[in-house]
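Values quoted throughout were computed directly from the atomic coordinates according to the rules given, and no laboratory measurement underlies them. Predicted model only: the values in this text are computed from it and were never measured. Glycine also receives a Cβ, built like all others from the backbone with ideal geometry; neighbour counts cover every protein chain displayed.
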Amino acid sequence: MTIRILGISCYYHDSAAALLVDGHITAAAQEERFTRKRHDSAFPAQAIRYCLESTGVSLDDLDFVVFYDKPLIKFERLLETYLSYAPRGIRSFFAAMPIWLKEKLFIKSTLNRELKELGDMNGLPSLMFTSHHQSHAASAFFPSPFEKAAVLCADGVGEWATTSVWLGEGNRLEPKWEITFPHSLGLLYSAITYYTGFKVNSGEYKVMGLAPYGNPIYVDLIYEHLLDLKPDGSYRLNMRYFNYAAGLTMTNEKFNRLFGEKPRKAESELTQKHMDIARSVQVVIEEAILKIARQIRDSFDVENLTMAGGVALNCVANGRLKRENIFDNIWIQPAAGDAGGALGAALSIWHEYLGKERTIPESGDSMQGSLLGPSFNNNDIVKYLDSVGANYTVFDEEADLNRQVATLLANENVVGWFQGRMEFGPRALGCRSIIGDPRSRSMQSTMNLKIKHRESFRPFAPSIKAEKLSEWFDLEGDSPYMLLVSEVTPEKKIQMTSEQEALFGIEKLNIPRSALPAVTHVDYSARIQTVHLDTNTRYWNLIDAFEQETDCPVIINTSFNVRGEPIVNTPEEAYRCFMRTEMDYLVLEDVLLAKSRQPEAPVDESWKSEFELD
């Protein structure tokens, strides 16, 4: 008998849905891609519809619906925390209560009501709950390529856990230890995100991108006042400097005095001090993760590590962990944040509750390249383009299109690339991407300012044919989900002059570091995506065509969106983004469009009010 399990995450941030059919991942998507609201936390009605319709499954066909969290335990933590900090947390308490009393506390009835509104049902499927870190752990281990592995989960906070370690073997997960709220590496990083003027739960990756411009001069200050990190990786935060447990902000006046000024206002000037603080917290997070990893290896004597939780998206720390060779192999869930909890919850029911055995692929993992979202055919695309009077060319042969696009890239054109199934997780992996020539010295600033409309310091990622990785980057193994940072190889580096070495901060930005200046950060690093012929054939073929044109098996890959916008989902959204920016060309499956041949349209900057800046 076929068993169908729907996993759901929602009501906090990054809501999503994932569907398993007899343990096979058939579909998964974040709600933000449909509602166009970044990090949408609402019930994932549209993501659920997509998962069901794409698999030919109705609500009545579902055997289980599983939620990725245990809200009653989270509410218990909320009440205990407010009581511990009373009366200081009264404003935060009153701010939180309405939403809890309306939907979060009575989650079972809320979910049942939302499911009924999706369509006619003869009866509700069994509704189940996993704990937050159990969902993370299941998402990390069960799709991994390992029969046995340790699992490290680290995020802001689940119910109580903020960091947890598990041991996975076969179809079982065993919890080993955890650190609980309010002590949290994720919330420490978010506190610095807030203090440096970026949006919490959204801008942490900006702090990571800003860090290489700074110097780690505040590391000792962080250890002395904010974080007590033990040799075994256990830690405690000094809560006298933080406000998130009971207040409406992440930090307080004592924190401000420690660093000598108030938090930076959003969109205001970034100073060297902000860069130094970003670098310092990045160093601290890396050291904490390394200590935890060594403790795991010493305690459990396992060769493999899997990871999930928002902290696992810190690809700089992941790259450092990889280089230290504490584990033979590392695998990170591509949807490591709360969205991936929907998938982990469903996998937990299949393997742990139902006791179903795992089938480990002969090569790679079970995520299918994380290409689990909607796709569109040429008929869909041409029909839409005709409706808006677009000018386009349809290619009969993929190879001809790839050669044309390769030539366009080599001539420093910026191309929107829309192919196949949308990615699940925060990274564009070559299906909803904006691509360019990494050899260009101007491409990094062009794409940031004219295409993405975002801060100039933000780095771009290289997509490289997996077979050519060692020729260009100092990384062993694969990085298919763009979750590892590594340096370019020595022979590809361009050494700086003594005058250039003396530059500070953003002054370093326009100094070429390598033969791939558009994707090499100021510290010679790059956030690498290895592209594999078997999991992303179309994208691999494009890069192969670019290599034949240029002898370079690397292209720039950034997500297909403007700042504040979720990654595009549909051809309509892709065309709209194309027309709003200074992108030169757009590829929608087998269809090529040139900006110069599109109907004249007024300058459209409505995205600035349509999407909330991140």
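Each of (1) 87, 51, 48; (2) 68, 63, 50; (3) 82, 62, 48 is a candidate for Cα extents along the principal axes in Å; the one calculated from this structure is (2).
Exposure proxy check: CYS431, CYS10 ranked by fewest other beta carbons within 10 Å? Before the final figure, lay out the partial values.
Numbers: CYS431 22, CYS10 31.
Sorted ascending by nearby Cβ count, the order is CYS431, CYS10.
Could you tell me whether the stretch 360-511 comes out rounded, prolate or oblate from its Cα gyration tensor? Rule is a ≥ b ≥ c as square roots of the eigenvalues, rounded for a/c under 1.5, then prolate if a/b exceeds b/c, otherwise oblate.
Because a/c hits 1.5 or more and a/b fails to exceed b/c, the stretch 360-511 counts as oblate.
Listed by Cβ neighbour count within 10 Å, with the fewest neighbours leading, CYS51, CYS577 appear as CYS577, CYS51. What does the charge count around GLU397 come to, taking other residues whose C-beta lies under 12 Å from its C-beta (Lys +1, Arg +1, Asp -1, Glu -1)? Result for the neighbourhood of GLU397: -3. Put in line by how crowded their Cβ is, counting other Cβ atoms within 10 Å and starting with the fewest, VAL415, VAL531 read VAL415, VAL531.
Counted over the stretch 146-191 with a bin width of 10 Å, the fraction of Cα pairs per bin, in whole percents, is 29, 44, 22, 5. Per-peptide packing, taken as the mean over residues of other Cβ atoms within 10 Å, places 22-28, 203-209, 222-228, 491-497 in the sequence 203-209, 22-28, 222-228, 491-497 from highest down.
Based on Cα contacts under 8 Å between residues 6+ apart, the stretch 1-104 shows a relative contact order of 25 percent. Quick one: Cα centre-to-centre distance for the stretch 115-161 and the stretch 184-246, in angstrom? The stretch 115-161 and the stretch 184-246 have Cα centres spaced 27 Å from each other.
Shown here for the stretch 318-411: GluC sites (Glu not before Pro) in loop regions (DSSP other than H, G, I, E, B) with at most 14 other Cβ atoms within 10 Å, namely GLU357, GLU362, GLU397. For the chain, what's the relative contact order in percent, using C-alpha pairs closer than 8 Å and at least 6 residues apart? Here the relative contact order equals 16 percent. Applying both filters, DSSP loop and at most 16 other Cβ atoms within 10 Å, to the trypsin sites (Lys or Arg not before Pro) of the stretch 249-331 gives LYS265. Here is how the number arises for the chain: DSSP H runs of 4 or more residues each give -39500 (n - 2.57), the sum is divided by the residue count, and the result at 222 nm is -9500 deg cm²/dmol.
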